[in-house]
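See structure below.
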Ligand code: SAM
Ligand code: SF4
């Protein structure tokens, strides 16, 4: 079996693919209100994305996650899911999944389930319609709730991703835990990361360490340590009262790079070997240079050979500049 091994002995088995930089929301921690999106010529076609993903799978990747921007707003995105689902059928791929804001899930959940998608990550920071509108600027919570119901009805496992935002949703953690437990959804809290310019002062105001989130939750719920892992950086606990799982992803306060198994491809064919570093490899040129995948595979090997050991996020307290200039919507988190 082929394997992609980086210089620190870590096998790269997980590829996240941002299929578009566009989105139907403008979440305050992710995008500015007026985003300039990429011209079409720079964006890989769905066929090109399938070729690149296919090359990674041939070289040893076992798990694919489509993300964005909002993956479900890309035109004809189901044709990419359809193509990739063949790799599930052939046994070359263990898991095909996506991270979505849920706005289009009511439409697509049944087809995703048919294509072999088993779980979806849905981002939702609040249960309050007004706060939801304020955080996402353009989103409607009812649409997301309809999407979640459709996902559940289609038999998809759901994990809710919640960014902990000081002064915004920090009074609601209990409600989120109760709601997710009742719905049978896993719930993962994420710290705000310093990615992309989003506006003066915003980031430091929003940042809240997950140790505080956990302390708040523990005031009302009994949290039991479990060793459940999904291959990602989240640490999970079980809520005794609901039986539900809660995960914590702490890029700012805890370094989880040792077990990193992933790389990220943007919709322009740029491969980031680490979410917190600027170094990247261009895979679009080799894809477009020839119909054979030889140059593409060579470029992938070369990129993995430079995967860095880890990242060092800091929110610069003097200048409040992002640690990395690109927005989260570029690499999809
Ligand atoms: N649009 C989809 C969604 O919202 O789920 C997929 C892409 S979105 C960039 C992926 C995840 O990144 C979401 O859960 C979002 O909350 C999170 N995110 C965006 N900007 C972030 C930031 N600056 N810090 C931490 N998480 C962020
Ligand atoms: Fe869109 Fe997701 Fe970013 Fe929100 S977090 S603006 S839904 S890409």
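All of the numbers you see were taken from the coordinates with simple rules; none came from a lab. The structure presented is a predicted model; accordingly, all values stated were derived computationally and were not measured. Because the Cβ atoms are built from the backbone with ideal geometry, glycine has one as well, and the counts that use them run over all protein chains shown.
Could you calculate the contour length gain from residue 127 to residue 219, that is, 0.36 nm times the residue separation minus the distance between their Cα atoms, to one decimal place in nm?
Difference between extended and current length: 31.1 nm.
For region 94-152, what is one quarter of the convex hull surface built on the Cα atoms, given in nm²?
Hull-based average projected area comes out at 3.9 nm².
Cα centroid distance between region 21-39 and region 210-233, in Å?
31 Å
Mind checking the log10 I(q)/I(0) for the chain at q = 0.06 Å⁻¹? Debye, one equal scatterer per Cα, no solvent, two decimals.
-0.20
Ranked highest first by average number of other Cβ atoms within 10 Å, how do 239-246, 266-273 line up?
Top to bottom by mean Cβ count within 10 Å: 266-273, 239-246.
Report, for the chain, the % of DSSP beta bridges that are antiparallel, rounded to 5.
Taking every DSSP beta bridge within the chain, about 30 percent pair in antiparallel fashion.
Fewest to most neighbouring Cβ within 10 Å: what's the order for 190, 300?
190, 300
Contour minus end-to-end for residue 174 and residue 302, with contour as 0.36 nm per residue of separation and end-to-end as the Cα-Cα distance?
So the chain would gain 41.4 nm between residue 174 and residue 302.
Given the peptides 94-100, 80-86, 209-215, arrange them by the average over their residues of other C-beta atoms within 10 Å, most packed first.
Descending mean neighbour count gives 94-100, 80-86, 209-215.
Can you give the angle from 0 to 90° between the axis of helix 105-114 and the longest principal axis of the chain, with both taken from C-alpha atoms, to the nearest 10?
Roughly 50 degrees, rounded to the nearest 10.
In nm, what is the difference between 0.36 nm times the number of residues separating residue 5 and residue 47 and their Cα-Cα distance?
Extending this stretch completely gives an extra 12.5 nm.
Given points 7 Å out from each Cα along the Cα-Cβ axis, report the residue 140 to residue 182 separation in nanometres with one decimal.
2.4 nm
Based on the Cβ-Cβ distance from residue 292 to residue 86, what FRET efficiency comes out when R0 is 22 Å, to the nearest 0.05?
About 0.65, to the nearest 0.05.
Sort the following peptides by mean Cβ neighbour count (other Cβ atoms within 10 Å, averaged over residues), highest first: 165-176, 35-46.
The most tightly packed comes first, giving 165-176, 35-46.
Compute the distance from the alpha-carbon center of region 81-131 to that of region 289-303, in whole Å.
Computed from Cα coordinates, the inter-centre distance equals 28 Å.
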